1. How many nm separate the modelled label positions at residue 363 and residue 409, each set 7 Å beyond the Cα in the direction of the Cβ?
2. Out of the DSSP beta bridges found with both residues in the chain, what percent are antiparallel (nearest 5)?
3. Evaluate the Kirkwood expression for the hydrodynamic radius of region 29-130, namely the inverse of the mean inverse distance over all pairs of different C-alpha atoms, and round to one decimal in Å.
4. How large is the convex hull of the C-alpha atoms of region 18-220 per residue, in Å³?
5. Among rounded, prolate and oblate, which fits region 364-466 when a ≥ b ≥ c are the square roots of the eigenvalues of its C-alpha gyration tensor, a/c under 1.5 means rounded, and a/b larger than b/c means prolate?
6. Relative to the longest principal Cα axis of the chain, at what angle does helix 30-42 sit, 0 to 90 degrees, rounded to 10?
7. Calculate how many DSSP beta bridges within region 18-220 are antiparallel, expressed in % of all such bridges and rounded to the nearest 5.
8. Over the chain, calculate the relative contact order: mean separation of alpha carbon pairs under 8 Å at least 6 apart, over the residue count, as a percent.
């Protein structure tokens, strides 16, 4: 760490600049954080320079803000006037601040973080990159591996879930990162100087100071790391939310179904099966969840007869079967858009105050195929055939439309679509998905009898179907 009282020196006689790189995504206040650091330094007797290298929008890259600080006392003692760089260079950065774990990993990859010099301050939460989202299978980077790389690559690592701290304090992550920087003691300034900087900015002072204090606390409590990948499937959080939103009358029946599954399936697959049951009961109904268990029984039998004791085949099949049975269609989209929990979440995200009215405008653009798939199978096939009906629907859906779900008209439009849920089993999409799932399950079971490892691969290949 840098000495509070004295800037780092390249030798016993020559002072040099303190070099700081900030990696932040759009909308996170990275520019504000950089300006705060500049203001802090200038009021603390340092020359400061700020430059930025823009990244790409939509989470495929981040802007790098680069700050250099040089002590004015060194100039007074006869040091030559510094020539400051315009961008960070590998192996020549004292402090790296990253607003998210992947950005910290990118800093390590670029060589900006070195074990002999760099203090790395990072939020350990994840925001998935575009490359992770568009991957055919599970393209997510391994959070624990990223975290370990950050720890091993930095001279000093200060990590905590700073996004959660910002959320708790109704602040922004830039203020929390500023607090983390203060608590890391990597700059020669006291806490009062940091807080005075926030006050001089004069915008959102109270919220920023709350976030600043939360950042100091988070770093002082130590590196918490990102959420680890447990035995619950990838979509566990959404299934838990779905179960919570189910009508009260279904909870007892769902609990009985889960108890039945716990008795029928080995412990290695129970968490996945439970999550699948919760998702499918919410997606359709309890009978649909019961069908899920029935379809898993042949796979469970194959696991017992041909398995290697790991339970991988049953767990992966249970995961992919639940996702396949809970496919996204126009009915599901409409249902999710009008849920009460969504309106509450939006109010929380925009931080609407009590009594404030918000409007939610949804851009909807269902195409011919999506509409036809939601219709009864015979009608859907008719709509897809070349002819006047198909042409009329294509013309009517050429442009998308905006639906205000906070208005009576917009809400009722989506409510009508969501009410088609009771007829989903007769829809064209349901028939197609059922045929695909049945063929896939038959192949998994048949392959397990010949080659267990290959059967696991066949089960995982279902994840390629989007």
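Quick note: the coordinates plus some simple rules give every number you see, no bench work behind them. Here the structure is a predicted model, which is why all the values come from computation and not from measurement. Reconstructed Cβ throughout: ideal geometry from the backbone, glycine too, with neighbour counts over all protein chains shown.
1. 2.1 nm
2. 60 percent
3. On the way: mean 1/r = 0.0673 Å⁻¹.
This gives a value of 14.9 Å.
4. 113 Å³
5. Here region 364-466 falls in the prolate category.
6. Helix 30-42 and the main axis of the chain meet at about 10 degrees.
7. On the way: 15 of 28 bridges.
Just about 55 percent of them are antiparallel.
8. Value for the chain: 11 percent.
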